[in-house]
Amino acid sequence: MSNSDHLKLHSHTEARPDRSSNAVIASNFASMAAALAGLAAGIDGLWSRGLAFTAPGIIPPFGLAFHSSELGSFFTMLVAVVSLCVAIYNFGYAKSGRLSPVSLVIFPLFIATLEVIPLANAIPSFLFFWELMALESLALVLDHHQRVSAQRAALLYAIVTQFGFFSILAALALIGSHSHGLGFSSLRAGAAALTPSERTLAFLLALVGFGSKAGLVPLHAWLPKAHPEAPAPASALMSTAMVSLGIYGLIKFGLIVLAGGPAWWGLLLLGIGAVSSVYGVIESSVSSDLKVLLAYSTTENMGLVAMAAGTDLVMAATHHIELAFAATLAMVFLLGSHAVFKGLGFLAAGVIANGTGTTDLNALGGLNKRMRLTSAAFGVVALSASCLPLGAAFIGEWILLQSLIHLGPAGGVVALAAPLTIGAIALTSGIGLLTMVKAFGIGFLGKARSNYGDDLGAERVGPMQWSMGLLAAANLAIAIFPAALAPLATHVASVLISVGEPSGHASVTSQFALFGLGGAIFPLASAAVLAGAILAIAIAVRFNARSAPPRIPAELWACGARGLSPAMQHNASSFAEPLQRVFSDVLRPKTDVETETFEESRLIISRVEFHSAQHDSIETALYEPISSAVSNLGRLARLAHNGSLGRYLAFGAFGLLVVLVVLH
Amino acid sequence: MGLVKRITRLGRITQTQPPLDPATTLRSDLRSGSLLLRHVDAGSCNGCEIELSGCFSPKYDLESYGISLTASPRHGDGLLVTGVVTRNMQKPLMDAWAATPEPKVVIAVGDCAIDCNGLRAGYGVAGTVSDHLAVDLEIPGCPPTPSEIVAALRRVSKR
């Protein structure tokens, strides 16, 4: 096999001068300190009284107010766990100038901001840190600001996030219009005084605002653009902690401050969640860049969380308290598992990008022999993300399905919505499985498609590998011992749920059972059986190897031909081609075949070229008309200012006239 | 139940060959009862291929004697070669032979594979199969009939 068959790689990250290691170490220790402080605050808020803290002088005239509620503490803890691993990871990642100086400064601040948002207890504090988070993440997306693609991604992200911010601002203004203070406790009392139509409007605005941060369709388009541009640890934080905070806002203001609503709110959330998860997973399945694939998978998983939240609302509105509780529990598990496996996925993608210079699956392959630890870590990600038993996401999905399946005879739209939701979940997990088989099989197995083979030495255990190991352990812990996490999850779910708490507990020690509902799973037992089977096979193989004839090295059988090249393997695009064909109505792939014929005969083809460009069909259908309308509007506005001084003076005089007339 | 009754009443309707004479069997070192062969068309006119495909039809049912074709010689017992060995197929034939694990059998099907059938002088012809490999069994005919092929292959599969 010759080297000319290999793809040529362009370095993913431009060379930067080596920053002084002191700056890197200071930044990482600050990040770690912030993460540990957040972890402490989260544990304190969940299991003890929690802290309350006000600083009236900081942003006058409102000041800052914090209170570690149990819900907020859960999200703070979630953020802190991922942040801690990212901080450890950065000790390996940030050296040799992979992060710009701005990013080094932003990282600890970003972590602290993410942890503080769920603890904010008044509208000004919440909005201040929310906007701060948006700006910090924007700076991280612009880590390689000289790249045109990074600039475009940052622009899109800035527009979506500011649009979301103003929706949230409007929603909070509406909710707060009847309350006496800006604190969240008085907000809830004030929300009760709103008319139903005002409540609905506030809910819709909050859904748009927080949905844009959570990456729900149709405001998801920034995710697959921003993540490939941001450095891997920043992607890990944004795709786990930041999107979870979008869900936090939705829960906080939709479910707790507005205290639930009519069943159709839940149905709307269910619908948006179903569309997000199915669309996200279909786009994910045809993505050939590992980071884009993971970004779309975030939309998919946040869609699942939104479905759980919608189920909660629907069940609560139709007085199925136990089912609502189960859906809430599912939401908690889905959020937790997504944070650990998606964080791990992006961290692994970062190691791959550093080692090979690319995250394009069509240029990767054979990493399992070169990066054993990273491959094992991504194997855990693939298992968890594909919703199979012994994967972390399976637990949450199973509980959600249980809450939907156990809905007895119900009337009206709810009776229709439950089976449709089950169908959406089944479709999502089915395609999700294919996606993860593709990501792992194409990227890590087989033969290398690029010539990184010799440069890449054996993977050494460093901070990056340690942090991935921590996250992988967290994944396996959720998957194998969910019962151990059940008390925490039940505690959080009982805070989350807006209507009463069912009696009983969610778990017994070795099995994982749902109170009241008939279902139970035995993850520990299945893990033990699987481990036993693997051990038995390993022993049998070892035993058999003694009596087996010696191995003879031979060339790969190629049906009589010689010289198989790695390019002949299945690649990410060819693996996804059937899916692209089946879902062509959704994806609307842009493919183009160009053929050239010989001059002598038009029937004999000399060259065929095939182009296939992936694009986000929702983005193309929805965003482009809006952006062209805005630029048309801008062209009209440009007619008004043509540079003539006389015209500007006339405008000024006219404006003054209007002011005088109005004030008169 | 009607189907089961019909099956028991009808019995086997494919052609049943006469029982195998144990004295005529070949290659006692190969396992009996099953024979997986990789077919190599070394330069055939496809006459032998048509008769070979006929062997797998319900009438002759070669697979009922434990004989079948495989795509990869890696898990086969040998090669089934048809046609004269042409220069273009010389290397692939030797590659396929090298890829077959020991113990292996080479079967030449048709007059071309056995003695070039008058084509030896052709500019693209490299020779017979036995010029290249040690042939264990020759099945003459231009082309051999399916029943001849079945009878010959049964001597190797011993079934």
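Here are a few things to note about the model shown:
- Residue list for segment A:549-575, restricted to those being at the interface with chain B (Cβ under 9 Å from one of its Cβ atoms) and either loosely packed, with under 13 Cβ neighbours inside 10 Å or not aromatic (Phe, Trp, Tyr) (or both): A:ILE552, A:ALA554, A:GLU555, A:ALA558, A:CYS559, A:GLY560, A:ALA561, A:ARG562
- Selected residue [open to solvent by 40 Å² or more (accessible area, probe 1.4 Å), within 14 Å of another protein chain (Cβ to nearest Cβ), more than 16 Å from A:GLY560 (Cβ to Cβ) and free of Cβ contacts under 8 Å to residues at least 40 places away in the same chain] from B:GLU148, B:GLU138, B:GLU102: B:GLU102
- Within segment A:311-341, the set of residues being surrounded by fewer than 24 Cβ atoms within 10 Å (Cβ to Cβ) and touching a Gly at 6+ places or on another chain (Cβ under 7 Å) comprises A:ALA317, A:ILE321, A:GLU322.
- Within segment A:125-153, the set of residues being touching a residue at least 60 places away in the same chain (Cβ under 8 Å) and surrounded by fewer than 19 Cβ atoms within 10 Å (Cβ to Cβ) comprises A:HIS144, A:GLN146, A:ARG147, A:SER149, A:ARG152.
- Sole exception among (1) at pLDDT 90 or above; (2) open to solvent by 50 Å² or more (accessible area, probe 1.4 Å) for A:PRO101, by number: (1)
- The residues listed here are B:ASN88, B:ASN117; of these, the one that is open to solvent by 40 Å² or more (accessible area, probe 1.4 Å), away from every other protein chain (no Cβ under 14 Å), more than 18 Å from B:PRO146 (Cα to Cα) and outside any loop (DSSP other than H, G, I, E, B) is B:ASN117.
Yes/no matrix, rows are residues, columns are (1) modelled with pLDDT under 90; (2) polar (S, T, N, Q):
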| residue | (1), (2) |
| --- | --- |
| A:ILE399 | yes, no |
| A:LEU404 | yes, no |
| A:GLY408 | yes, no |
| A:ALA418 | yes, no |
| A:THR421 | no, yes |
| A:ALA426 | no, no |
| A:SER429 | no, yes |
| A:LEU434 | no, no |
| A:LYS447 | yes, no |
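- Residues of segment A:491-547 that turn out to be among the charged types (D, E, K, R) and either modelled with pLDDT of 80 or more or under 22 Å from A:ALA477 (Cα atoms) (or both), as a count: 2
- Some residue of segment A:392-415 being free of Cβ contacts under 8 Å to residues at least 12 places away in the same chain, of a type in the set (A, V, I, L, M) and farther than 30 Å from A:GLY357 by Cα: yes
- Taking the criterion of being touching a Ser or Thr at 6+ places or on another chain (Cβ under 8 Å) and either open to solvent by less than 30 Å² (accessible area, probe 1.4 Å) or not β-branched (Val, Ile, Thr) (or both), the residues of segment B:105-114 that qualify are B:ALA108, B:VAL109, B:GLY110, B:CYS112, B:ALA113.
- Boolean, B:ARG159 is surrounded by fewer than 17 Cβ atoms within 10 Å (Cβ to Cβ) and either closer than 24 Å to B:ALA23 by Cβ or at pLDDT 95 or above (or both): yes
- Evaluating B:ALA96 against the criteria (1) under 19 Å from B:ALA152 (Cβ atoms); (2) open to solvent by less than 30 Å² (accessible area, probe 1.4 Å); (3) within 14 Å of chain A (Cβ to nearest Cβ) leaves one unmet condition, (1).
- Filter result (closer than 18 Å to A:SER125 by Cα and of a type in the set (Val, Ile, Thr)) within segment A:65-105: A:THR76
- Evaluation of A:ALA241 against (1) surrounded by fewer than 21 Cβ atoms within 10 Å (Cβ to Cβ); (2) among the hydrophobic types (A, V, I, L, M, F, W, C); (3) closer than 30 Å to A:LEU142 by Cα (one fails), failing number: (1)
- A:ARG607 vs. criteria touching a strand residue (DSSP E or B) at 6+ places or on another chain (Cβ under 8 Å) and at pLDDT 85 or above: yes
- You will find that of B:ILE13, B:ILE50, the residue that is touching a Pro at 6+ places or on another chain (Cβ under 9 Å), modelled with pLDDT of 90 or more, surrounded by fewer than 17 Cβ atoms within 10 Å (Cβ to Cβ) and more than 11 Å from chain A (Cβ to nearest Cβ) is B:ILE50 and no other.
- Of the criteria (1) open to solvent by 10 Å² or more (accessible area, probe 1.4 Å); (2) touching a residue at least 12 places away in the same chain (Cβ under 8 Å); (3) part of a helix (DSSP H, G or I), which one A:GLY423 fails: (2)
- If you go through segment A:244-278 and pick out every residue that is farther than 30 Å from A:SER197 by Cβ and open to solvent by 10 Å² or more (accessible area, probe 1.4 Å), you end up with 1.
- Filtered residue count, segment A:205-218, keeping only those that are open to solvent by 30 Å² or more (accessible area, probe 1.4 Å) and free of Cβ contacts under 8 Å to residues at least 60 places away in the same chain: 2
- Residue in segment B:56-69 that is over 16 Å from B:LYS158 (Cα atoms), touching a residue at least 24 places away in the same chain (Cβ under 8 Å) and part of a strand (DSSP E or B) present: yes
- Just one of the listed residues (B:HIS39, B:HIS75) is under 10 Å from the mean Cα position of the chain (by Cα), within 14 Å of chain A (Cβ to nearest Cβ), surrounded by fewer than 22 Cβ atoms within 10 Å (Cβ to Cβ) and closer than 25 Å to B:PRO101 by Cβ, and it is B:HIS39.
- Flag for B:LEU69 being closer than 17 Å to B:VAL150 by Cα and either within 14 Å of another protein chain (Cβ to nearest Cβ) or open to solvent by 40 Å² or more (accessible area, probe 1.4 Å) (or both): yes
- Out of A:SER96, A:SER11, A:SER48, sole residue that is of a type in the set (Ser, Thr, Tyr), open to solvent by 70 Å² or more (accessible area, probe 1.4 Å) and at pLDDT below 85: A:SER11
- Subset of segment A:387-420 that is surrounded by fewer than 22 Cβ atoms within 10 Å (Cβ to Cβ) and small (Gly, Ala, Ser) - its residue that is nearest to A:THR299 (Cα to Cα): A:ALA418
One line per residue, one yes/no per condition, for (1) touching a strand residue (DSSP E or B) at 6+ places or on another chain (Cβ under 7 Å); (2) farther than 19 Å from A:THR435 by Cβ:
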| site | (1), (2) |
| --- | --- |
| A:ALA538 | no, yes |
| A:PRO550 | no, yes |
| A:ALA554 | no, yes |
| A:PRO566 | no, yes |
| A:ALA572 | no, no |
| A:PHE575 | no, no |
| A:GLN580 | no, no |
| A:LEU587 | no, no |
| A:HIS611 | yes, yes |
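The values are calculated or read from the model by the stated rules, or taken from the named source; none is laboratory data. Since we're looking at a predicted model, the values are computed, not measured. Methodologically, a virtual Cβ is constructed for each residue, glycine included, from the backbone with ideal geometry; neighbour enumeration extends over all protein chains shown. The accessibility values were calculated without ligands, DNA or RNA, using every heavy atom of the protein model including side chains. Shrake-Rupley method; radii C 1.70, N 1.55, O 1.52, S 1.80 Å.
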